[in-house]
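Just below is one structure, and these are the notes that go with it.
Values quoted throughout were computed directly from the atomic coordinates according to the rules given, and no laboratory measurement underlies them. Values in this document were obtained by computation on a predicted structure and should not be read as measured data. FYI the Cβ positions are ideal-geometry reconstructions off the backbone, even for glycines, and counts take in every protein chain you see.
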Amino acid sequence: MWPFSTPVPFPELAPSDVASPIGAAPSDANVYDYIIVGGGTAGCVLANRLTADPSIRVLLVERGHAARTWHAHVPAMNADPSRPGVPSHQWNSLPLPQPGAAVPQMTIGRALGGTSRINSMIYTRGFASEFNKWNADGRKGWSYEDLLPYFLKSEGNVDPDQTSYHGRDGPWKTKTWTSFYLKSTDMVAQAVKSLGIPIITDINAPSVPVVTGAMVTVTHNGAKRSSTSEAFLPLELALERQDRLKICTGAIVTSLDIQNTPAGSKRAVGVFIEAEKEPGERFYARAKREVVVCSGAIGSPQVLMLSGIGPKEHLKEHGITVHKDLPGVGSHLQDHMGVALLYQIPMKDSMNRMEVDGLYALWEFIKYLLFGTGFFLFPLSQIALFIHSKFLSDTADLPSTPPSPESLSSALPNNIPDIEILSVSYGQPLSTPDSPSDAPDPSISTSVSPTTPPPPALTRTSPGLLSLFTMLVQPRSTGTVRLASADPRATPLCDLAYFSDPTDYAPVRKGIKLCKRIAEGVRKSGEGYMMKEYSVPKSESDEDMDAFARKNLITAYHYSSTCRMAPEHPPAAGSGSGSDALSAAPGVVDDELRVHGVEGLRVADCSIFPNILAVHLQAPAVMVAEKCADLLLGAAPKSS
């Protein structure tokens, strides 16, 4: 699967090519029907759909570049942004310190295609009951039945037994892995089954058990990663449409142009742009119809706040003129926080082998190049468990009398999974791994002292590592995104606020216990397979598990809900409307993704989710972009 080919340069343009210098007479060439701010996971989709109409002119502005590098196509080379030396195109946000806890690195894709360029490629849509709850809460047109056509439209599933709830003809290619490449993954799968947890082949079915494992479906095109830039803005399409689709890269939208209308309202009429590496030289492009912000859950609130749309006191602190006081902008930040238990396994069954055995890594790369097989082809995780912790006992066992299949259906509104377990046959060695034999550490430190020994180096003869991740997929904790300054190049301040709601500890504890039960199942398999504890809580007491979770917090890079689709002034929690604290948070956009109080402005990305979905978010992000395109073009079906 030869990745080394860039025969024709991608038609990416500079700000001076697509916009007029400030102070110069505006040019008709720099007036567009729509301007899309952000060419990430959602922005590429929207640009494709809008310019399918030859009469529509679109400007797409992206902070990164097209970055059509060879390693961007290789699935395994960009699938773990946290791994040292990974050759990805990233933009790191600045997480604020977490009291008594680790501070995870926040990473976002910074190239055309955004985070779909660097994620684990897992394709999960969301459970039907999640979308039906959105609709029941008043968001008309957002039920599972309403949204399924948008998932189908984008997807080009290549599985031979493809079903009616998968798309076949869409540009975004997906496939499901039906076999395991590593024995360690197969051993974990067998242990999961021994616990009474079934493993199904499609987590995206309309109704699946709420205690289940699944073979992962990933975004693959042949043996290449299928990012949204490759799927929706391939070179051929970008060249064909360059008369009406201008793709401006390496550029920052410093602010939106918000003007007063004759009727006294506010309207977005254009954008101010600078080349990222040329601060101070501003350009202007005008939108005849609308501006759509697709900069993600960190970038979209930043763009809005820099434009005077957001919490007024915060904007005033930075000397920004307030156009619309919207407290919901940058609020309600949610993520799938997690914690990993590490185990030592045979090196031959670990991806760590790629780092310690150069000849083996070379052979695997040759297999990928020539045959499209081997390590470089596969996703980090080939199996995922989605579970509601209420069905697990205090020891993380299933009840001796299994619940009826009907009661386990994820289609029920109270059966949305709250934890996900991921098995990844890889881990990073620690300087001081936690294990039950360690002396108790009364303090949690987020820094490394000068006397901390370096992590022990793995070798070809040492054990490899396997990680069992517990991800909290229905967190109650919410944080914020705030401006560090009025400088658009300044990294936003992100308070992830993990465990700020203490009820989040309970499902994480059960997830940790379930990971330990899985590891025990591997050891008890009768094969004598090595699954030795390397970094686990000292005990299964609440105190030890909570301390371990705080010390080893990680992010899933699934940031969402900072520009919520909700009323600007929702009913207060406990007002009799059925609202709780999460659903009562102030909104930023309405059911048609229009920003409250500002005409001609929409947001279309993961930031609009009312609450974070209990799955990996790239497929829902694409769905939002597909729906937004129909809303803009007047093609969205009306829903009562």
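What FRET efficiency comes out for K524 versus A457 if R0 is 30 angstrom and r is the Cβ-Cβ distance? Round to the nearest 0.05. Write out the running numbers ahead of the final one.
On the way: r = 31 Å, r/R0 = 1.04.
My answer for the efficiency is 0.45.
With θ set to phi - 60° and the Karplus curve 6.51 cos²θ - 1.76 cosθ + 1.60, what are the ³J(HN,Hα) couplings of region 203-208 in order, to the nearest whole Hz, using x for Gly and Pro?
For region 203-208, the Karplus curve yields 6, 8, 5, x, 9, 10 Hz.
Just the Cα atoms of region 196-319, one point each, no solvent: what log10 I(q)/I(0) does Debye give at q = 0.13, 0.17, 0.18, 0.22 Å⁻¹?
Evaluating at q = 0.13, 0.17, 0.18, 0.22 Å⁻¹ gives log10 I(q)/I(0) of -0.81, -1.02, -1.08, -1.36.
Taking the 0 to 90 degree range and rounding to the nearest ten, how far is the long axis of helix 41-50 tilted relative to the main principal axis of the chain, both from C-alpha atoms?
Helix 41-50 sits roughly 40 degrees off the main axis of the chain.
Given [x] 33.6, 121; [y] 25.4, 79; [z] 24.1, 78, which label gives Rg and Dmax of the Cα atoms in Å as computed from the coordinates?
Derived directly from the coordinates: [z].
Whats the longest run of the chain with zero GluC sites (Glu not before Pro) that are DSSP loop and have at most 12 other Cβ atoms within 10 Å?
Working: sites that count: E281, E406, E527.
That would be 1-280.
Hey, what number do you get for the chain at 222 nm if only DSSP H runs of n ≥ 4 count, each worth -39500 (n - 2.57), divided across all residues, to the nearest 500? Spell out each step's value before the answer.
Values: 14 runs with 137 residues, N = 640.
Taken over the chain, the calculation gives -6000 deg cm²/dmol.
So how tilted is helix 542-551 from the main axis of the chain? Cα-based, degrees 0 to 90, rounded to 10.
Long axis of 542-551 versus the principal axis of the chain: about 50 degrees.
Leaving out same-chain residues fewer than 8 places away, which lysines sit with a Cα under 20 Å from that of K390?
K133, K193, K510, K513, K516
Starting from the 7 Å offset along Cα-to-Cβ, what nm value, one decimal, do you get for the label separation of A506 and S164?
Spacing of the two 7 Å Cα→Cβ label points: 3.9 nm.
Using only Cα atoms, find the angle between the long axis of helix 144-154 and the longest principal axis of the chain, and express it within 0 to 90 degrees, rounded to the nearest 10.
80 degrees
Enumerate the residues in region 545-569 having an amide nitrogen under 19 Å from the point lying 7 Å beyond the Cα of K140 toward its Cβ.
Of the residues in region 545-569, 565-569 have backbone N under 19 Å from the label point off K140.
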